[in-house]
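Structure first, commentary second.
The values are calculated or read from the model by the stated rules, or taken from the named source; none is laboratory data. Remember, it's a predicted structure, so these values are computed and weren't measured experimentally. Counting neighbours? That spans all protein chains shown, and the Cβs are built from the backbone with ideal geometry, glycine included. Heads up: the accessible areas ignore ligands, DNA and RNA and are worked out on the full protein's heavy atoms, side chains in. Shrake-Rupley method; radii C 1.70, N 1.55, O 1.52, S 1.80 Å.
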Amino acid sequence: MSLREALANHLSDDFTEVDVARLSHLGTHRKGKVRDLFLSEDEILMVTTDRLSAFDVVLTSVPCKGAILNAIALNAFENTKDICPNHILDSPHPNVMRVRRAEPLPIEIIVRRYITGSLWRDYTKGKHTVYEVAIPEGLQRDQRFDETIITPSTKAEVGIHDEPISRRVIVEQGLCSKDLLDQACDLALALFARGEALAAQQGLILVDTKYEFGTVNGELIVIDEIHTADSSRYWIADEYAARFAAGEHQRMLDKENIRQWLIGEGYQGDGPAPHIPDDVRLDLAERYADLHARLLGRPFTPIKGSVKESLYAALGA
């Protein structure tokens, strides 16, 4: 059976929801864009579903997406724990991370090496100045910056758009102290440099990514997920120069694929979303699985049978 066939077998799983009643023993339930969280006093069970969000809107499911994201995140946390402590305790199921409960910073720190995606769209409209970061004029789409830049955003609830913001305004609004923000930004740059190096070893370019931080007993740690196909952009390295010179879109192994498809359908987060065909969902699942194979050095193997039932069994439902 091919990987695509194995992924297609999970199309009908539609693992977008969990039975909260069956998992109520795990703690208080909170629902995020992609994850369902079960909070106890000191820990959180993070269940990564197959929900797909784009433009801050939950749209559909992508087969096995949750397990792929979880595996990449666990690998990335392991490979960066010498730079910054993280919240990982263990993983009792392919779709689950058990983590330390932290007090989250109410911002996302986005590190960028190239001008692309939402920043390129803002740049062409002259809206990039909100970040108060010096970005030269006359850049081309997908051009590499001389130095990495940070473009923070607010961290919104489900159904609400994250908003771009500058480091100065973050401090002025009291969202974060300057010292803590500076520390988080320094750590984000160091984490990104490690992610870049690891990606380059696998023939990939880590284009940009977001980091979320929190504090535990006053210690700053990285939380949520890092360097996954949902939180980052990855391009195929040996195709970059030729595609850039020709003005072509890069070959991507991340969620930007679905964003571009949605833009082509005239959707950018407002109004009714278009129907996403199974072939499009499978194409994205294959790209996520390709990224898993490259970053982890082993192919992704979909779980046999029902993801939900295996999850409930693993978590003692």
Check: Residues that are under 16 Å from L59 (Cβ atoms), out of contact with any strand residue (DSSP E or B) (no Cβ under 6 Å at 6 or more places or on another chain) and touching a residue at least 24 places away in the same chain (Cβ under 8 Å): which helices (runs of 4 or more DSSP H) entirely in the stretch 209-312 hold 3 or more of them?
Finding: 278-296
Check: Just for the stretch 1-18: of the residues that are outside any loop (DSSP other than H, G, I, E, B) and of a type in the set (A, V, I, L, M), which one is farthest from S61 (Cα to Cα)?
Finding: L3
Item checked: Flag for A67 being under 16 Å from the mean Cα position of the chain (by Cα) and over 30 Å from Y131 (Cα atoms) -> yes
Checklist line | Qualifying residue in the stretch 276-299 (condition: touching a Pro at 6+ places or on another chain (Cβ under 7 Å), surrounded by fewer than 19 Cβ atoms within 10 Å (Cβ to Cβ), modelled with pLDDT of 95 or more and over 30 Å from D162 (Cα atoms)) | finding: yes
Check: Got a sec? Which of D238, D278, D224, D270 is under 28 Å from V20 (Cα atoms) and over 18 Å from the mean Cα position of the chain (by Cα)?
Finding: D278
Next item on the list: May I ask you to say which residue of L74, L69 is open to solvent by less than 10 Å² (accessible area, probe 1.4 Å) and assigned to a helix (DSSP H, G or I)?
Entry: L69
Next item on the list: Kindly indicate whether any position in the stretch 35-56 is touching a Pro at 6+ places or on another chain (Cβ under 7 Å) and closer than 30 Å to G266 by Cβ.
Entry: yes
Item checked: Filtered residue count, the stretch 211-229, keeping only those that are touching a Ser or Thr at 6+ places or on another chain (Cβ under 8 Å) and surrounded by fewer than 24 Cβ atoms within 10 Å (Cβ to Cβ) -> 1
Checklist line | Checking A313 against (1) surrounded by 16 or more Cβ atoms within 10 Å (Cβ to Cβ); (2) aliphatic (A, V, I, L, M); (3) within 30 Å of S24 (Cβ to Cβ), the condition it does not meet | finding: (1)
Next item on the list: Being assigned to a strand (DSSP E or B) and within 21 Å of E256 (Cα to Cα) is the filter here, so list the residues in the stretch 19-55 that pass it.
Entry: R35, T48, R51, L52, S53, A54
Check: Looking at the stretch 1-60, which of its residues are open to solvent by less than 40 Å² (accessible area, probe 1.4 Å) and closer than 19 Å to G214 by Cβ?
Finding: G27, G32, V34, R35, D36, F38, L39, I44, L45, M46, V47, T48
Checklist line | Checklist (1) open to solvent by 10 Å² or more (accessible area, probe 1.4 Å); (2) outside any helix (DSSP H, G or I); (3) within 26 Å of L284 (Cβ to Cβ) applied to N79, failing item | finding: (2)
